[in-house]
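The structure under discussion appears below in the form of structure tokens.
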Amino acid sequence: MQRDTEAKLEELRERLDSFSVSLFGRTLAGKSTCMEILTQGEGRSIGTGGQRTTRDVRTYSWNGLQITDVPGVAAFEGADDEALAFKAASNADLVLFLITDDAPQPAEAECLARVRQLGKPVLGICNVKLAVDDDDDLRLFLQNPDRAFDSSRLGQIVDQFQAFLDRYAPGPRLPFVFTHLRSRFLAQLPEYAQHRDSLLAASRFDGIESRIVEEVTGRGTFLRLKTFIDRAAAPMIDLMDPLLDFSAQNHSAGRVLHDKQRQFERWSEEFASDGHKRINALISNVMDSLRNQVPSFAEEHYEDRSAGDNWRRYCESRSIDRCVANLQTELLNEFRRELSEVGRELRSELSVVATLFGDRQIKMDPIFDSKRAWKWGTHIVAGGLSIAALFVPPLTWAAMGVAAVGWLVSRFFEDHEKKARCATEKLASILFRSIDDSQRKLRQDLWNWFDKELLENQSSLFQEHLRIVVTGLSMLAETQRALAWTLNERLKALGRTLVGNALSQLKAASFKRFILDVARVPGSTVMVMVAPGRKFPKYVQNGLELLLHERIWFVIDNGDRRCILAEAIGEGCDPEMITIDEDTRVACIPFNDVGPDVKVRVRLAQQLTGLQIMPIGHEEICNDVYKTRCARMGRSRK
């Protein structure tokens, strides 16, 4: 934005010696005819009734002024033409907006609203399109030209157009001059020389010429200054509201993510405790069932040299590895379900946050993608633990030990029964120790898998990414808010410069000292803040409105921002109903009906007070930054 604005300001500097006037209006409104009149042309550029006659920007000189004819707006498939027209209008010092005396269209008013929002001074021209090319039509027109300019009929057309315009960009009433462009053009053609004087008088085009001259000589220097100021101010004010809305939306989204992070942390703690209990219960049940079989197995196999192999096969028959794998699958599925539920809830809650800001039609890319979050937070290892590997090595050595013990026992003891009892007890003791060792190892390995692979590598990683997103959103929101308020200060400084120069132009520079601050919506309204007891005379206010062609409203600074907000917004706004959060610089205000004028007042009040204004119902947004900061520091707000 800065590079673009600097380039456009440099472009304006290169044309300091010429005052620029741009012809603007819908297709077939008469712009090319007006251009032919001003340049004494022969009519080659005048359309013959088709859409989109002028397709390029054309510039001519007239009485020392630079006159630019642009493509028509509001035409079918004319987006490219409109882009050229608005670019040309943005460089103009004065815009001549043409409409016709047939029914005005809302699309025309919408296009003019865009020009007005650039802060451009606009002179309306209503082109009466009564046919005069036929001899009979020309004779009737010249007999009674006033009939074509019936004030009641034309006044209704202008009123209707003004009503359309106020829907999009409310401001002072647009001044209109009425003319019959076709008769004025015919007056300069040789074949109409005999009617030249009558056509000139009947066309009333001299009213347009005199108004243009009046604008240039009366306030031309000031309009050049205004062009420069608005070239910088317009993009700044267009960016301010989106920045503030994005900031509030990002704070709200961060709050949602933070709450979900805390919720997931609590679930993870409960899941970890429950998981350890279930692991312990499974291992205890499996090992207790093995311990119960040790006495009978030892009695049957105390002389068996293959006791280790038989015990291994017995353990395998109990499907211990499948039981453990089933538990791992259950824990993994529970973890996945919780992540899926977190993603579903986040999508739902963030969509609500986006809806709250939909009234300003700001589009925001989804912050949270559940599939991506799943990839962030989960890297599931393939396969399970090999339970046989836990059991077989110790039991193999145990079997070898049993064989050796049995051989030694047979050497040193003669009594078979005594030898059998001893061998059985020793084999049972070895098996119990092996089971105890295997139980400890199995429990430790399962805990390691659960704590590291599931909780640390997945749950903790997921939580860490949520924390990164929350921190990033908070930093982004604070940066957006800081930039918005920086632009606001620049915007108010430009407003003070403009109003100060306007007062100097009006020979009323002494009233500058009354001004504490200035807020402005270019092309619409200026709001001036004054100290209590200070008042601008009516003639100064009227002079400012005529010079700026913007409404002038005053607000008294009594030191209470609630009262300033209420006075600036008006419409029965009760200061007692306004809540202000100083940490986030957000003011929540009740609104019954937000019409075009109220929206302008809100933007002005926002500029003056440095508070982002939200309707009641968004008040939970007001404390998002502070709440998030408090939560990070482990304390709650009183």
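The values are calculated or read from the model by the stated rules, or taken from the named source; none is laboratory data. Just so it is clear, the model here is predicted, and its values are computed rather than measured. Here the Cβ positions follow ideal geometry from the backbone for every residue, glycine too, while neighbour counts run over all protein chains shown.
Conditions tested, residue by residue: (1) more than 21 Å from the chain's Cα centre (by Cα); (2) under 30 Å from V324 (Cα atoms); (3) buried (at least 18 other Cβ atoms within 10 Å of the Cβ).
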{"residue": "L427", "(1), (2), (3)": "yes, yes, yes"}
{"residue": "I435", "(1), (2), (3)": "yes, yes, yes"}
{"residue": "L442", "(1), (2), (3)": "yes, yes, yes"}
{"residue": "F450", "(1), (2), (3)": "yes, yes, yes"}
{"residue": "L455", "(1), (2), (3)": "yes, yes, yes"}
{"residue": "L461", "(1), (2), (3)": "yes, yes, no"}
{"residue": "I468", "(1), (2), (3)": "no, no, no"}
{"residue": "T486", "(1), (2), (3)": "no, no, no"}
{"residue": "A493", "(1), (2), (3)": "yes, no, no"}
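Condition check: charged (D, E, K, R), more than 32 Å from the chain's Cα centre (by Cα), buried (at least 17 other Cβ atoms within 10 Å of the Cβ) and assigned to a helix (DSSP H, G or I). Does E269 satisfy that? Considered against the rule, which asks whether it is charged (D, E, K, R), more than 32 Å from the chain's Cα centre (by Cα), buried (at least 17 other Cβ atoms within 10 Å of the Cβ) and assigned to a helix (DSSP H, G or I), E269 comes out as no. Going by what's in this entry, would V598 be described as modelled with pLDDT under 80, surrounded by fewer than 20 Cβ atoms within 10 Å (Cβ to Cβ) and β-branched (V, I, T)? No, not satisfied. When restricted to residues that are more than 18 Å from E425 (Cβ to Cβ) and modelled with pLDDT of 75 or more, the range 297-309 contains 1.
Among L483, L455, which is the only one that is assigned to a helix (DSSP H, G or I), over 27 Å from V586 (Cα atoms) and among the hydrophobic types (A, V, I, L, M, F, W, C)? Lay out the reasoning, then the answer.
Details: L483 fails: over 27 Å from V586 (Cα atoms).
Being assigned to a helix (DSSP H, G or I), over 27 Å from V586 (Cα atoms) and among the hydrophobic types (A, V, I, L, M, F, W, C) holds for just one of L483, L455, which is L455.
Of all residues assigned to the range 589-596, at least one qualifies as being within 27 Å of P175 (Cβ to Cβ), under 31 Å from the mean Cα position of the chain (by Cα) and in a helix (DSSP H, G or I).
Does the range 535-550 contain at least one residue that is in contact with a helix residue (DSSP H, G or I) (Cβ under 8 Å, 6 or more places away or on another chain), part of a strand (DSSP E or B) and farther than 24 Å from K120 by Cα? No: zero hits.
Just the residues that are polar (S, T, N, Q), over 30 Å from L494 (Cα atoms) and out of contact with any helix residue (DSSP H, G or I) (no Cβ under 8 Å at 6 or more places or on another chain), please, taken from the range 119-167. Q143, N144, S151, S152, Q156, Q160 - these are the residues of the range 119-167 that are polar (S, T, N, Q), over 30 Å from L494 (Cα atoms) and out of contact with any helix residue (DSSP H, G or I) (no Cβ under 8 Å at 6 or more places or on another chain). Check D133 against each of (1) loosely packed, with under 13 Cβ neighbours inside 10 Å; (2) assigned to a helix (DSSP H, G or I); (3) touching a residue at least 12 places away in the same chain (Cβ under 8 Å) and name the one condition it does not meet. In the conditions (1) loosely packed, with under 13 Cβ neighbours inside 10 Å; (2) assigned to a helix (DSSP H, G or I); (3) touching a residue at least 12 places away in the same chain (Cβ under 8 Å), D133 misses (2) alone.
Conditions (1) more than 30 Å from L118 (Cα to Cα); (2) of a type outside the set (A, V, I, L, M, F, W, C), marked per residue:
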{"position": "D146", "(1), (2)": "yes, yes"}
{"position": "F149", "(1), (2)": "yes, no"}
{"position": "F176", "(1), (2)": "no, no"}
{"position": "L186", "(1), (2)": "yes, no"}
{"position": "S198", "(1), (2)": "yes, yes"}
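Looking only at the range 576-592, which residues are surrounded by 15 or more Cβ atoms within 10 Å (Cβ to Cβ) and within 14 Å of V602 (Cα to Cα)? Hits for the range 576-592 are I578, V586, A587, C588, I589, F591.
Filtered by the rule that a residue be more than 23 Å from L118 (Cα to Cα) and not aliphatic (A, V, I, L, M), the range 543-568 gives D557, N558, G559, D560, R561, R562, C563, E567. One residue alone among L282, L290 is within 17 Å of T329 (Cα to Cα) and among the aliphatic types (A, V, I, L, M), and that residue is L282.
Of everything in the range 169-226 that's of a type in the set (D, E, K, R) and part of a loop (DSSP other than H, G, I, E, B), which residue is nearest to S151 (Cα to Cα)?
For the range 169-226, the residue satisfying everything is R204.
For (1) touching a residue at least 60 places away in the same chain (Cβ under 8 Å); (2) of a type in the set (V, I, T); (3) surrounded by fewer than 16 Cβ atoms within 10 Å (Cβ to Cβ); (4) farther than 24 Å from L23 by Cα, each residue gets a yes or a no:
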residue	(1), (2), (3), (4)
V115	yes, yes, no, no
L118	yes, no, no, no
P121	yes, no, no, no
R139	no, no, yes, yes
F149	no, no, no, no
F164	yes, no, no, no
